[in-house]
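Below: one structure, written as structure tokens.
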Ligand SMILES: Cc1cc2nc3c(=O)[nH]c(=O)nc-3n(C[C@H](O)[C@H](O)[C@H](O)COP(=O)(O)O)c2cc1C
């Protein structure tokens, strides 16, 4: 798939088929992530690939926090037509995805290096999402589960010198979520040309 097509087709998928994802496809999306650009070429990312009952444990934690932070929601414009109940259902199972990938980076005492690490790992995350789209797989960049970071760290045995950057389910989408309209599709406000 052409890169522009992958960019346009990527959606935050919150409902997955339980069908397994081939190991070579998981490897392919991680390889795409590993080819991301990085500050000073430090390649400061690591990936935790979660399958099986640990996803249920992660979901239990995310369901608890999402019940809290969605209290004021009816329908969230951020989440298209998803109701609060549907969102909590998604949270509780990570949408039923058979795989969850957690992107980590190194912590750093220097604010500049910490920022570069987070940005580099985010570049890796975006590569991962686009590669997954190209393979017909769904993803959803998630940071909400970090509201219960302590539990997440315990479940996945993440050491204190690693920072959790983002999490995504990975699996075959059940249905295609609709596009989220662009705030400035003609790029009239978001771009300033300096000539
Ligand atoms: C930094 C970041 C954090 C996000 N955290 C969550 C999250 O915790 N839960 C979730 O369901 N979606 C999360 N999303 C997905 C966004 O809600 C989604 O990308 C946005 O609504 C636009 O939809 P689209 O990806 O289909 O274009 C996150 C996205 C980003 C970039």
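Any read-out appearing in this document is the output of simple, stated calculations on the displayed coordinates, not a laboratory observation. The structure presented is a predicted model; accordingly, all values stated were derived computationally and were not measured. Note that we place each Cβ from the backbone using ideal geometry, even for glycine, and neighbour counts take in every protein chain shown.
Quick rundown of the values:
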quantity: Backbone N under 13 Å from the residue 114 label point (7 Å along Cα→Cβ), restricted to region 148-181; calculated: 161-164
quantity: Packing-based order for 156-162, 43-49, 121-127, using average beta carbon neighbours within 10 Å, highest first; calculated: 121-127, 43-49, 156-162
quantity: Footprinting exposure proxy for 17, 66 (fewest neighbouring C-beta atoms within 10 Å first); calculated: 17, 66
quantity: Residue 60-residue 157 FRET efficiency (beta carbon distance; Förster radius 25 Å; 0.05 resolution); calculated: 0.90
quantity: Size descriptor, Kirkwood hydrodynamic radius, that averages inverse alpha-carbon separations across region 111-195, Å; calculated: 16.0 Å
quantity: Inverse mean reciprocal Cα-Cα distance (Kirkwood Rh) of the chain, Å; calculated: 17.7 Å
quantity: Net length gained if the chain between residue 187 and residue 42 were fully extended (0.36 nm per residue, minus Cα distance); calculated: 48.9 nm
quantity: Added length on full extension, which subtracts the Cα-Cα distance from 0.36 nm per residue, residue 23 to residue 67; calculated: 12.5 nm
quantity: Considering only region 3-170, percent of DSSP beta bridges that pair antiparallel, nearest 5; calculated: 95 percent
quantity: Long-range Cα-Cα pairs in region 53-153 (distance over 22 Å), rounded percent; calculated: 41 percent
quantity: CD proxy at 222 nm, helix term only [per DSSP H run n ≥ 4: -39500 (n - 2.57); per residue of the chain; nearest 500]; calculated: -12500 deg cm²/dmol
